[in-house]
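K.L.:
Structure in structure tokens, see below.
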Amino acid sequence: MKPLRRRSLITGCVALTALALAGCSGSAGGFQESGGSGSATSADLRLLVNITPVLTKEFYRNLVAPFEKAHPGVKVSIEAPTASDVSATLQQQLAAGSPPDLVSGSLSAEIVPQLSPLPEEQWVKDTPYAEQSRVGGTMWQAGSGNQVQSIVFYNKSAFAKAGITDMPKTMNELTEDLVRLKDAGYVPAQTAGEWVTGAQVQMMANPNVLDTAPDWFNRRNKGEVDFARSDWSKVLEVYQSWIERKLTPPDAMGLKYQDAIDQFLAGKSATFIMGSWFVPTADEAKKSFDVGVFAMPTLDGSPAPVSGGPSIPWSILKSSKNQSAALDLLKYLVTDKTAVVAELKAEGNFRKGFDYPASPLNQAVGEIVSASAATVVASSGQGDNSAPTGFNDELNKQVQGLYLGKTPKDVLASIDSWYTSNAR
Amino acid sequence: MPGSTPAPGGVRAGDRPGPAREARPAGAAPGSGTGGRPSTGRGRARLSAFVSQTVLLAPATVLISVFMLLPIALAAYLSFTDWNGLTPDPRRVGWANYARLLQDADVGHAAVVTLVVTLVGTVACNAAGLALAVLLNRSGRLTGLLRAVVFYPYVIGPIIIGFLWSAILGANGAIAGLLTSAGHSPLPFLSDPTWAVGSIVAVVVWSQFGVNVVLYLAGLQTIPVSLVEAARMDGATRWQVFRSVTWPMLAPSVTVNLVLVLVGLLRVYEIVLALTGGGPAGRTSTFAFLILSESFRTNHLGYGAAQAMTLTVVIGALALAITALRRRAEQAVSA
């Protein structure tokens, strides 16, 4: 090799290495120092958000556009999860040292040490479930609205064809109605594989279990109660009877969430246990029947509390170098009338003082909320009163075991065993 | 014994003729040149060669160190901690994660699923790859097109493949629709655990075997035509030619294909994620799927790292074992 060529090669390698290093350092974190402790005058804010069929990137861009217009120095970039969900993505970003400034999604209590405490101000306390979400006394997330779960959407034509005029109040009545719907030629209770199976059973159980013990998850964390000896066992027995009597699709485990939605909206199935986020999808679908909704029946027929949780909850990462700007944006997202209504409308959620023209189905969900005596936390709880990370996945896996011949007793024993070895 | 006494200067039986030694003037010290200041010239040349080699190797060394060795070392360290991926200071737990791994029923089940997918998939990928390579190892108008068609699935991302086949095999999918419209009951491709594992194997083979076809084609094209022609002139049938000429000569390709497919299938994750999500009831979780679930859904990164290290060791051991086992066959080709 001639000296000149060799020198060029070495120079090229050094230049490439320098470029690569420069590129790495430029991309690290992606933060822009906003000056001092973080003035809102100049900041690049990264938002990690939950993406769904209705909560698209476009939706979030439109949501923050007025804030950016009012704060010319602030630039907001929307980031979709790159892992299975927001929580897993955030974990990876924390490990990689490049977490976002704000995050929106269902997060476990374990992540709270990485989040900035929200100020003890009234606007934070007024957001739905801010108090229930406290971990060790700290408020760390503020939601835009109230997302209702444990409601049953139904095909009004199917109910009419089956001769059902009164909505069921007890689980037994619901089972009897499902049998009549099956006789009328419908798939009585629509379900699916993926996360749907466990979530639906959770929506059946929570109003029953949490009604008398709103802090049930907290007590389970301390080992004071367990699944096997709670009303979970009665709920699972009901669900197993549905499987045995083919009141749920026999091929349910081969269906995805979207398949379940398609089946229900095509008029093939009669009921669909889901949350209020299903309302916009049901409203927008072209269908030959009207969709109604009723509260999840209870085991004894007593009026159950509505279970819910914060919708589109926002938190600020402690690592953000733009704390002030991030807090300004969070306040805008949970207090600005236009922004909050946009968030509520997108998922058909509710919040007192933030009304919007709602569809008849949405109004029906609102009536259920108004009529309920109390509200309890949904899913796997909130804040200190919540299950360990991974509980929903484990519950889902075990509940799906019912379709493969497991008994409710086996399922609950497995869940208790998992819970005990994972309790915080 | 004839030939037992070597002639002066001759080569004894069994001796291997080595490279001719460089002629050196009598009395010259090793390493010294023959011209003026030869030592300095050779030293410069060696230094220059060393610098060139170092510079050329540096990028690859840095990349391998940063993106392979460092993560493996980090995973090995994390496997002895209870890190949840969120706290800044992982707590050391010794061998606890590895002890738990031995008692974890989910790990045992995932290992069985992975074993089935790997064994059946490796055999199927290689059988299909070799068969199609033999068929496509000829010139023709459509050969190029067919080779591209066969290779195409390998180009598609595994997540897309998973969703594509999910739309075909799902309970609401294309095949179920066809069967229902023909008056038959749908088949439980994804809803029954046994069928679901079978579906994963089939989809994995479909997505992978294109690369085996290409590798076997490359191997087939290195076989000297004269050998095949000689065998045919000796009256060998096609099967005899394949068994006695083609197959032995393909030994290096077989080794490469076996190792590549085996290692790839031991790490199957994306197709499982998109096709079954590990369900129903976690019964189609592969080892790689379990590692990711444990690490990022349950926040047990330390335990997930222990699982990952175990898989790394298994993959390394299997790859080495296959390579060693295949060495004899490859040496036969060299001979």
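The values are calculated or read from the model by the stated rules, or taken from the named source; none is laboratory data. Values in this document were obtained by computation on a predicted structure and should not be read as measured data. Neighbour counts are summed over all protein chains in view; Cβ atoms, including those assigned to glycine, are modelled from backbone coordinates with ideal geometry.
K.L.:
Would you be able to say whether some residue in the range B:100-120 is of a type outside the set (Lys, Arg), buried (at least 16 other Cβ atoms within 10 Å of the Cβ), within 22 Å of A:ASP251 (Cβ to Cβ) and in contact (Cβ under 8 Å) with a residue 12 or more places away in the chain?
P.N.:
Checked the range B:100-120: at least one residue is of a type outside the set (Lys, Arg), buried (at least 16 other Cβ atoms within 10 Å of the Cβ), within 22 Å of A:ASP251 (Cβ to Cβ) and in contact (Cβ under 8 Å) with a residue 12 or more places away in the chain.
K.L.:
Further, regarding this structure: Take the range B:146-175 and flag every residue that is part of a helix (DSSP H, G or I), among the small types (Gly, Ala, Ser) and within 14 Å of chain A (Cβ to nearest Cβ). Reasoning before the result, please.
P.N.:
Residues of the range B:146-175 that are part of a helix (DSSP H, G or I), as a first pass: B:146-155, B:158-169, B:174-175.
After this cut, where a residue has to be among the small types (Gly, Ala, Ser) as well, the list is B:148, B:162, B:166-167, B:174.
Matches in the range B:146-175: B:GLY162, B:SER166, B:ALA167, B:ALA174.
K.L.:
I'd like to check something: does the range A:366-380 contain any residue that is among the polar types (S, T, N, Q), part of a helix (DSSP H, G or I) and at pLDDT 95 or above? Quick ask: steps written out before the conclusion?
P.N.:
Going residue by residue through the range A:366-380, those that are among the polar types (S, T, N, Q) are A:370, A:372, A:375, A:379-380.
Next cut, part of a helix (DSSP H, G or I) only: A:370.
After this cut, where a residue has to be at pLDDT 95 or above as well, the list is none.
No: the range A:366-380 contains no residue that is among the polar types (S, T, N, Q), part of a helix (DSSP H, G or I) and at pLDDT 95 or above.
K.L.:
Can you find a residue in the range A:186-194 that is over 26 Å from the mean Cα position of the chain (by Cα) and either of a type in the set (A, V, I, L, M) or at pLDDT 95 or above (or both)? Spell out the reasoning first.
P.N.:
Start the filter on the range A:186-194 by keeping residues that are over 26 Å from the mean Cα position of the chain (by Cα), which leaves A:186-187.
Next, only the ones that are either of a type in the set (A, V, I, L, M) or at pLDDT 95 or above (or both) stay: A:186-187.
Checking the range A:186-194: at least one residue is over 26 Å from the mean Cα position of the chain (by Cα) and either of a type in the set (A, V, I, L, M) or at pLDDT 95 or above (or both).
K.L.:
Limited to the range A:333-353, what total is found for residues that are charged (D, E, K, R) and in contact with a Ser or Thr (Cβ under 9 Å, 6 or more places away or on another chain)?
P.N.:
Going through the range A:333-353, the residues charged (D, E, K, R) turn out to be A:336-337, A:343, A:345, A:347, A:351-352.
The next check asks that each one be in contact with a Ser or Thr (Cβ under 9 Å, 6 or more places away or on another chain); those that pass are A:343, A:347, A:351.
Of the residues in the range A:333-353, 3 are charged (D, E, K, R) and in contact with a Ser or Thr (Cβ under 9 Å, 6 or more places away or on another chain).
K.L.:
Of all residues in the range A:381-394, which are in a loop (DSSP other than H, G, I, E, B) and either free of Cβ contacts under 8 Å to residues at least 60 places away in the same chain or not acidic (Asp, Glu) (or both)? Write out each step before concluding.
P.N.:
Here is the first cut: in the range A:381-394, the residues in a loop (DSSP other than H, G, I, E, B) are A:383-384, A:387-390.
Across the range A:381-394, the qualifying residues are A:GLY383, A:ALA387, A:PRO388, A:THR389, A:GLY390.
K.L.:
So for the range A:319-335 (the condition being hydroxyl-bearing (Ser, Thr, Tyr), within 30 Å of A:SER77 (Cβ to Cβ), assigned to a helix (DSSP H, G or I) and out of contact with any helix residue (DSSP H, G or I) (no Cβ under 8 Å at 6 or more places or on another chain)), does at least one residue qualify? Please lay out each step first, then the result.
P.N.:
Residues of the range A:319-335 that are hydroxyl-bearing (Ser, Thr, Tyr), as a first pass: A:319-320, A:324, A:332, A:335.
From what is left, the residues that are within 30 Å of A:SER77 (Cβ to Cβ) are A:319-320, A:324, A:332, A:335.
Add one more test, that the residue is assigned to a helix (DSSP H, G or I), and what stays is A:324, A:332, A:335.
Filter once more, so that each one left must be out of contact with any helix residue (DSSP H, G or I) (no Cβ under 8 Å at 6 or more places or on another chain): A:324.
Checked against the condition, which is being hydroxyl-bearing (Ser, Thr, Tyr), within 30 Å of A:SER77 (Cβ to Cβ), assigned to a helix (DSSP H, G or I) and out of contact with any helix residue (DSSP H, G or I) (no Cβ under 8 Å at 6 or more places or on another chain), the range A:319-335 yields at least one hit.
K.L.:
With respect to the numbered conditions (1) within 14 Å of chain A (Cβ to nearest Cβ); (2) of a type outside the set (S, T, N, Q); (3) touching a helix residue (DSSP H, G or I) at 6+ places or on another chain (Cβ under 9 Å), which one is the sole condition not fulfilled by B:ALA99?
P.N.:
So B:ALA99 meets the others, but not (3).
K.L.:
Can A:ASP384 be described as out of contact with any Pro (no Cβ under 9 Å at 6 or more places or on another chain), within 23 Å of A:VAL235 (Cα to Cα) and among the acidic types (Asp, Glu)?
P.N.:
Values: out of contact with any Pro (no Cβ under 9 Å at 6 or more places or on another chain): yes; within 23 Å of A:VAL235 (Cα to Cα): no; among the acidic types (Asp, Glu): yes.
Judged against the criteria, A:ASP384 is not a match.
K.L.:
Can you tell me which residues in the range A:395-406 are of a type in the set (D, E, K, R) and either more than 8 Å from chain B (Cβ to nearest Cβ) or outside any helix (DSSP H, G or I) (or both)? I'd like the intermediate steps shown before the answer.
P.N.:
Step one: filter the range A:395-406 for residues of a type in the set (D, E, K, R), giving A:397, A:406.
Within the range A:395-406, A:LYS406 is the sole residue that qualifies.
K.L.:
Looking at B:VAL263, is it of a type in the set (Val, Ile, Thr), more than 14 Å from every other protein chain (Cβ to nearest Cβ) and in contact (Cβ under 8 Å) with a residue 40 or more places away in the chain? Quick ask: steps written out before the conclusion?
P.N.:
Working: of a type in the set (Val, Ile, Thr): yes; more than 14 Å from every other protein chain (Cβ to nearest Cβ): yes; in contact (Cβ under 8 Å) with a residue 40 or more places away in the chain: yes.
Yes.
K.L.:
Suppose we filter A:ALA189, A:ALA205, A:ALA199 for residues that are within 30 Å of B:GLY278 (Cα to Cα) and part of a strand (DSSP E or B); which single one remains?
P.N.:
Details: A:ALA205 fails: part of a strand (DSSP E or B); A:ALA199 fails: part of a strand (DSSP E or B).
Going through A:ALA189, A:ALA205, A:ALA199 in turn, just one is within 30 Å of B:GLY278 (Cα to Cα) and part of a strand (DSSP E or B): A:ALA189.
K.L.:
Is it the case that A:GLY401 is free of Cβ contacts under 8 Å to residues at least 40 places away in the same chain and closer than 22 Å to B:GLY279 by Cβ?
P.N.:
Values: free of Cβ contacts under 8 Å to residues at least 40 places away in the same chain: yes; closer than 22 Å to B:GLY279 by Cβ: yes.
It is true that A:GLY401 is free of Cβ contacts under 8 Å to residues at least 40 places away in the same chain and closer than 22 Å to B:GLY279 by Cβ.
K.L.:
Separate question: Inspect all residues belonging to the range A:344-354 and state whether any of them is within 14 Å of chain B (Cβ to nearest Cβ), basic (Lys, Arg) and in contact (Cβ under 8 Å) with a residue 60 or more places away in the chain.
P.N.:
Step one: filter the range A:344-354 for residues within 14 Å of chain B (Cβ to nearest Cβ), giving none.
No, the range A:344-354 contains no residue that is within 14 Å of chain B (Cβ to nearest Cβ), basic (Lys, Arg) and in contact (Cβ under 8 Å) with a residue 60 or more places away in the chain.
K.L.:
Could you name every one of the helices (runs of 4 or more DSSP H) located completely within the range B:57-145 that has at least 3 residues being closer than 22 Å to A:GLN92 by Cβ? Before you say what the answer is, go through the steps one by one.
P.N.:
Working: elements: B:70-78, B:96-103, B:105-136.
It comes to B:70-78.
K.L.:
Moving to a separate point now. Right, B:ALA329: touching a residue at least 40 places away in the same chain (Cβ under 8 Å), aliphatic (A, V, I, L, M) and within 22 Å of B:PRO252 (Cα to Cα) or not?
P.N.:
On the way: touching a residue at least 40 places away in the same chain (Cβ under 8 Å): yes; aliphatic (A, V, I, L, M): yes; within 22 Å of B:PRO252 (Cα to Cα): yes.
So B:ALA329 passes the test.
K.L.:
Kindly provide the set of residues from the range B:82-96 that are within 13 Å of another protein chain (Cβ to nearest Cβ) and not hydrophobic (A, V, I, L, M, F, W, C), ordered by number. Please lay out each step first, then the result.
P.N.:
Here is the first cut: in the range B:82-96, the residues within 13 Å of another protein chain (Cβ to nearest Cβ) are B:82-90, B:96.
Result: B:ASP82, B:ASN84, B:GLY85, B:THR87, B:PRO88, B:ASP89, B:PRO90.
K.L.:
Then there's this: Determine which single condition A:ASP259 fails, assuming it passes every other condition in (1) surrounded by fewer than 23 Cβ atoms within 10 Å (Cβ to Cβ); (2) facing chain B (nearest Cβ under 10 Å).
P.N.:
(1)
K.L.:
Let me ask you something else. In this structure, is A:ASP393 at pLDDT 90 or above, under 21 Å from the mean Cα position of the chain (by Cα) and of a type in the set (Asp, Glu)?
P.N.:
On the way: at pLDDT 90 or above: yes; under 21 Å from the mean Cα position of the chain (by Cα): yes; of a type in the set (Asp, Glu): yes.
Spelling it out, A:ASP393 is indeed at pLDDT 90 or above, under 21 Å from the mean Cα position of the chain (by Cα) and of a type in the set (Asp, Glu).
K.L.:
Only residues that are surrounded by fewer than 17 Cβ atoms within 10 Å (Cβ to Cβ) and in contact with a helix residue (DSSP H, G or I) (Cβ under 6 Å, 6 or more places away or on another chain): list them for the range A:81-110, please.
P.N.:
Hits for the range A:81-110 are A:THR82, A:ALA83.
K.L.:
Then there's this: Filter the range B:194-219 for residues that are more than 13 Å from chain A (Cβ to nearest Cβ) and of a type in the set (Ser, Thr, Tyr) and give the result.
P.N.:
Of everything in the range B:194-219, those that are more than 13 Å from chain A (Cβ to nearest Cβ) and of a type in the set (Ser, Thr, Tyr) turn out to be B:SER207, B:TYR216.
K.L.:
Hey, among the residues in the range B:269-301 that are more than 9 Å from every other protein chain (Cβ to nearest Cβ) and either aromatic (Phe, Trp, Tyr) or without any contact (Cβ under 8 Å) to a residue 24 or more places away in the chain (or both), which one's nearest to B:LEU78 (Cα to Cα)?
P.N.:
B:ILE291
K.L.:
Moving on. Looking at the range A:365-377, is at least one residue in the same structural domain as A:GLN93 (by TED's automatic domain parsing), out of contact with any Leu (no Cβ under 6 Å at 6 or more places or on another chain) and without any contact (Cβ under 8 Å) to a residue 40 or more places away in the chain?
P.N.:
no
K.L.:
If you take the residues of the range A:100-119 that are modelled with pLDDT of 95 or more and not hydrophobic (A, V, I, L, M, F, W, C), which of them is farthest from the chain's Cα centre (by Cα)?
P.N.:
Taking the candidates together, the pick is A:PRO119.
K.L.:
Only one of these conditions is not met by A:VAL148: (1) out of contact with any Ser or Thr (no Cβ under 9 Å at 6 or more places or on another chain); (2) not in a loop (DSSP other than H, G, I, E, B). Which number is it?
P.N.:
Going through (1) out of contact with any Ser or Thr (no Cβ under 9 Å at 6 or more places or on another chain); (2) not in a loop (DSSP other than H, G, I, E, B) one by one, A:VAL148 breaks only (1).
K.L.:
Moving to a separate point now. I'd like the residue in the range A:137-164 that is of a type in the set (Ser, Thr, Tyr) and modelled with pLDDT under 95 and, out of all such residues, is nearest to A:GLN190 (Cα to Cα). Give the steps one after another, and end with the answer.
P.N.:
The initial filter retains those residues of the range A:137-164 that are of a type in the set (Ser, Thr, Tyr), namely A:138, A:144, A:150, A:154, A:157.
Those left that are additionally modelled with pLDDT under 95: A:138, A:144, A:150.
Working: A:THR138: 39, A:SER144: 29, A:SER150: 14 Å.
Selected residue: A:SER150.
K.L.:
Then there is this: Test of understanding: among A:LYS222, A:LYS234, A:LYS287, which residue is surrounded by fewer than 23 Cβ atoms within 10 Å (Cβ to Cβ), modelled with pLDDT of 95 or more and not hydrophobic (A, V, I, L, M, F, W, C)? Walk me through it before giving the result.
P.N.:
Working: A:LYS222 fails: modelled with pLDDT of 95 or more; A:LYS287 fails: modelled with pLDDT of 95 or more.
So the residue among A:LYS222, A:LYS234, A:LYS287 that is surrounded by fewer than 23 Cβ atoms within 10 Å (Cβ to Cβ), modelled with pLDDT of 95 or more and not hydrophobic (A, V, I, L, M, F, W, C) is A:LYS234.
K.L.:
Would a scan of the range B:182-193 turn up a residue that is away from chain A (no Cβ under 12 Å) and assigned to a helix (DSSP H, G or I)?
P.N.:
Initially, the range B:182-193 is screened for residues away from chain A (no Cβ under 12 Å), giving B:182-184.
Going one step further and asking which of them are assigned to a helix (DSSP H, G or I), we end up with none.
There is no residue in the range B:182-193 that is away from chain A (no Cβ under 12 Å) and assigned to a helix (DSSP H, G or I).
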